[in-house]
1. For region 95-183, what class follows from the C-alpha gyration tensor (a ≥ b ≥ c being the square roots of its eigenvalues): rounded when a/c is under 1.5, otherwise prolate if a/b is larger than b/c, else oblate?
2. Please list 3J(HN,Hα) in residue order for region 64-70, calculated via the Karplus relation 6.51 cos²θ - 1.76 cosθ + 1.60 where θ = phi - 60°; whole Hz, with x for glycine and proline.
3. Evaluate the charge dipole of the chain about its Cα centre and quote only its size in Debye, nearest 20, assuming +1 on the Cβ of each Lys and Arg and -1 on the Cβ of each Asp and Glu.
4. Tell me the label-point distance for the pair residue 120, residue 82, using the 7 Å Cα-to-Cβ offset, in nm and rounded to one decimal.
5. First check a/c for region 12-87, with a ≥ b ≥ c the square roots of the eigenvalues of its C-alpha gyration tensor; if it is under 1.5, answer rounded, and if not, answer prolate when a/b is larger than b/c or oblate otherwise.
6. Calculate one ³J(HN,Hα) per residue across region 30-41 by plugging θ = phi - 60° into the Karplus curve 6.51 cos²θ - 1.76 cosθ + 1.60, and present them in order as whole Hz with x for glycine and proline.
7. For region 12-87, what is the charge dipole size about the Cα centre, in debye to the nearest 20, if Lys and Arg each add +1 at the Cβ and Asp and Glu each add -1 at the Cβ?
8. Classify the chain: rounded, prolate or oblate, from the alpha-carbon gyration tensor (a ≥ b ≥ c, eigenvalue square roots; a/c under 1.5 rounded; otherwise prolate if a/b is larger than b/c)?
Amino acid sequence: MSVLSGDYTGCSVLIYDGSDNHVGSSEAISYDRDTLRMRVQDLPSSFKTGDSCRVLILSSPKLCEYQATIVTEGAVKYIAMFKGREAERREAIRHKLTAPATITKLIYNGKPYLLHTPVKVEMINISTGGVRFRAPFFTITEGDRFQLHLKIGGVMKALIADVVNQMDGSSVLADYGCCFVNIAD
């Protein structure tokens, strides 16, 4: 596993409690590489000093996930991430997520094609390696590449992904498992 290396200031952050429940979405307003502490705009008020949590950081060019604990310095609470706990793609933990999301573009032979009407999707889970969501049947098929817009902590983030599998949910909806290619700007 690699160690913390990026500057996560300005990145969208998904915050999960010790039981892996999604408890908040925010933006990193500061990050100190030396202490491995991140301050976020809206830390859930339920967190107390010493509480364990997990953060999923939507950084570029990939998502990063860390085990962390809450620390307090003066009147300020920080998320203190554990060095060397960056999650790798194949071992990524899936986190439940409810957030507004839409497919806006299909990408064919490296060229993006804007959809006339963006497709709204229902998020199921997200990890550092990909996403699973529910959408109208035959929205996309295995092998398709697309751009997904996801609103996290008030910030819209564009993610590029490939459809890895499709599981029929009903004659109207299907679940799609997708692998991130990279994060668009």
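Nothing in this text is a laboratory measurement; each read-out follows from the coordinates by a stated rule. Only a predicted model underlies this, so the values are computations on that prediction, with no experimental measurement involved. No Cβ is skipped: glycine too gets one built from the backbone with ideal geometry, and neighbour counts run over all protein chains shown.
1. On the way: a/c = 1.28, a/b = 1.02, b/c = 1.26.
Judged from the Cα gyration tensor, region 95-183 comes out rounded (a/c under 1.5).
2. These are the phi-based 3J(HN,Hα) values: 10, 10, 9, 6, 8, 9, 8 Hz.
3. Values: 21 positive and 20 negative charges, 28 e Å.
Dipole of the chain, to the nearest 20 debye: 140 debye.
4. 3.9 nm
5. Working: a/c = 1.36, a/b = 1.17, b/c = 1.16.
Since a/c stays below 1.5, the shape of region 12-87 is classed as rounded.
6. Working through the residues one at a time gives 7, 8, 10, 5, 6, 9, 6, 10, 10, 10, 10, 4 Hz.
7. Numbers: 9 positive and 10 negative charges, 29 e Å.
The calculated dipole for region 12-87 is roughly 140 debye.
8. Details: a/c = 2.14, a/b = 1.93, b/c = 1.11.
In terms of gyration-tensor shape, prolate.
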